[in-house]
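Each remark here refers to the structure printed beneath this line.
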Amino acid sequence: MRRGTVRLALLALLLLAIPSSSFAQSGAGDRPAAATQQAEATQPGLVARALAAIVSEQRQFHRKLAASLETIRKERSAAAAWGLIVISFLYGVFHAAGPGHGKAILTAYLSTHRERLRRGILLSAAAATVQGLTAILLVFGLTTLAGWAARDTQSAVHWAEQISFVLVAALGGYLVFRAAAGLRRSLAGRAAHAHGPHAHADDGHSHDHCGHTHLPVPDQMDSARDMRAMAGVVLSIGIRPCSGAVLVLAVANLFGIAWAGIAAVFAMSLGTAIAVATLALLVLSARNLVAALVATESRTAVVGGQIVALAGGTIILALGGMLFVGSLGPAHPLGM
Amino acid sequence: MSHQIARLAARLLPLLAAMALLSAGAERAAAHPHAWIDVKVKVLFDDKGRLYALEETWVFDPLYTAFSLDGVKQSKDGSPDQKAVDALMHENMKNIKEYNYLTEVESNGVKAKFSGVRDIRSGHRDKRLRLTFTLLLESPIDTAAGPIEYGVFDPTYYIEMLHAEGGGAIELSGAPADCKYRLDPANPNPNAVALAAALDRTQSAGDGLGKYFAERVTIRCGAAP
């Protein structure tokens, strides 16, 4: 039993290490803000350098997008459109390669909940697609149908952002509730058969079969409730449109090349989906690898899994809350 | 076994809290420029050779321009209505006041205070909006006291502000003959960028990611070190 607990602790540690390193700032986060001078003096780490490279790469994309939109307006050639699509695709990849709210939610969910690899990819692709569709509906719905001026879409983007953050918190709350209910059932079941685990305490995890029928094993989880959580993940990420996509769409529309804008947004979504799905695969593979070390039927493993799920829900709840509070701050002074 | 679970949970919680904080900070790092402004600066010196104001001209990028001018009345040649452009830029000026006009002037480690702006002009040329204003220092800075540094940048790094390419972006007007300027391009230290990216929204106020991607201009006169 002791060995099982050690393995569980290892599992938890590894699972926590994956998402936090995917946010690419594990080294920076623990330094106080006042330590800037010190940070400048020390040798930059690999993660810090990668982050700086991504940020400096990203700054070029906006200029390239602007230039290629201008070229399409003038030439209206397939070659020019192809250029925009390639840049948009790369924009999507790089946008997703850096840390962001979608990846924070997805990695927190996937690392703390049992999902199949295929589902991880599906979730990433669905979230990226919904994000692109939101941008398209928002821009064309408001400007073409409702007759808004392009700059006024910014306030709608802000609203969508806030709705997204509320949904993130709601998703976290739902996951917490679900995990807590499961945990309560597990512990109640254990108390009723208190002799069970104690009698087998030294047998190790592989022989601890007793009571497994009393415990809700995640595999047996009601698939409808699972779908609800997945829909929550997709919606809470996807309902917040990428501001780069909104800008490109609105301007393409103004230039009379709306089709190019739509193609660009789908290319961005594809790029984002590929980058995020890669991350999801990494998270899930690592999770499965470590989970295989712990027998799934061991009581400790089941309860431990529920604690991890509870923690994952708490993280997502806190994330949603913090993002929402952050979104209450002032808008950008230049109205962007 | 419940003790083991409790111990495990107790060990996990601080980690989880740290992770939640990290993921919230992650939002900042997603910041990258969604617009750019080419900046021109005329540094104004008074008759005693003191720096008393910066005349800044901001040229907004074509996407920002198209985005902002949608729905604005146009004249026959396609240029936007001047009154509408003025109104838009008036709004911008009002909003950036709170952010010290996205300008920082520093001498001997002391940040200068601004007393206000004058001569605000706005226009539209080559599909780009333009804004010119003169930013006055509360107390003029003596060039003999040491080098003076300035930077024009958006602390949130939502807009990339760089001196216009092709020379002539910086002019020292009325400066003592022995004054020179040097433009240092942005050279972000990866650690500083990572640190700034990890900062919370509230912590980032006035000192966010943008500072690390800002150009710095140093003006030295005569024997000033």
Given the criterion surrounded by fewer than 24 Cβ atoms within 10 Å (Cβ to Cβ) and touching a residue at least 24 places away in the same chain (Cβ under 8 Å), identify the matching residue among A:A128, A:A149, A:A179, A:A135.
A:A179
Just to check your reading of the model, which residue among A:G83, A:G92, A:G102 is assigned to a helix (DSSP H, G or I) and either surrounded by fewer than 20 Cβ atoms within 10 Å (Cβ to Cβ) or within 8 Å of chain B (Cβ to nearest Cβ) (or both)?
A:G83
Would you check if B:G71 is in contact with a helix residue (DSSP H, G or I) (Cβ under 8 Å, 6 or more places away or on another chain), not β-branched (V, I, T) and not in a strand (DSSP E or B)?
yes
Just checking, does the stretch B:55-65 include any residue being surrounded by 16 or more Cβ atoms within 10 Å (Cβ to Cβ), closer than 28 Å to A:A258 by Cα and of a type in the set (S, T, Y)?
yes
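For every residue, the table says whether it meets (1) under 14 Å from the mean Cα position of the chain (by Cα); (2) modelled with pLDDT under 90; (3) of a type outside the set (A, V, I, L, M).
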site	(1), (2), (3)
A:V251	no, no, no
A:A260	no, no, no
A:L270	no, no, no
A:A277	yes, no, no
A:A286	no, yes, no
A:A291	no, yes, no
A:T296	no, yes, yes
Those residues of the stretch B:126-155 which are touching a residue at least 12 places away in the same chain (Cβ under 8 Å) and of a type in the set (D, E, K, R), in sequence order
B:K127, B:R128, B:R130, B:E138, B:D142, B:E149, B:D154
Which condition number in (1) within 14 Å of chain A (Cβ to nearest Cβ); (2) surrounded by 16 or more Cβ atoms within 10 Å (Cβ to Cβ) is the one that B:E104 fails?
(1)
Entirely in the stretch B:109-196, the strands (runs of 3 or more DSSP E) that have 3 or more residues that are under 28 Å from B:A87 (Cβ atoms):
B:114-125, B:128-142, B:159-163
Which of the helices (runs of 4 or more DSSP H) found entirely inside the stretch A:219-312 contain at least 3 residues meeting this: of a type in the set (G, A, S) and under 23 Å from A:S111 (Cβ atoms)?
A:223-238, A:258-291
Which count do you get for residues in the stretch B:74-108 that are part of a helix (DSSP H, G or I) and not polar (S, T, N, Q)?
15
Taking the stretch B:31-79 on its own, how many of its residues are farther than 19 Å from B:Y158 by Cα, in contact with a Gly (Cβ under 9 Å, 6 or more places away or on another chain) and within 14 Å of chain A (Cβ to nearest Cβ)?
1
Could you check, for the stretch B:184-204, whether at least one of its residues is at pLDDT below 90, farther than 30 Å from A:E57 by Cα and away from every other protein chain (no Cβ under 11 Å)?
no
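The values are calculated or read from the model by the stated rules, or taken from the named source; none is laboratory data. Model, not experiment: these values are computed from the prediction. Please note: Cβ atoms are built from the backbone with ideal geometry, for glycine as well, and neighbour counts cover all protein chains shown.
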